[in-house]
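Input: a single structure, listed below in structure tokens.
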């Protein structure tokens, strides 16, 4: 009994289609399903010290990424990341300030004297970057 070449081609095409379809689903699945580092759920923000809560979670609910303050005012920086993906945070300020914290969630008091970008780099299993802008008003601006 001789097989029909067109029947073989149809079977081969069906197998190839299933393979390509499966590969496409694997690659374009839900974000973070294959690579947990593909989704950046980190948070980094600031609040004027006088108005800042003492714990991270309430602060993150009403925290800003753009802040204007008078020179000499303290601000509280807050950050949070998934502890299973990051274990350190490295914060740099526009005036050359550098802070390193070996925790994925926390807060710190700083006194900016220069306007510009504050950047938090979260590292560990994954690496994420977030930034905020602080405008410092000097004198009678």
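Derivation of every value follows stated rules applied to the coordinates shown; laboratory data play no part. All figures in this text were calculated on a predicted structure; none of them were measured in a lab. Neighbour counts are summed over all protein chains in view; Cβ atoms, including those assigned to glycine, are modelled from backbone coordinates with ideal geometry.
Just so you know, in segment 126-141 the residues that are touching a residue at least 60 places away in the same chain (Cβ under 8 Å) and in a loop (DSSP other than H, G, I, E, B) include one that is surrounded by the most Cβ atoms within 10 Å (Cβ to Cβ), and it is 126.
Taking the criterion of being touching a helix residue (DSSP H, G or I) at 6+ places or on another chain (Cβ under 8 Å) and closer than 15 Å to residue 75 by Cα, the residues of segment 93-141 that qualify are 106, 107, 109.
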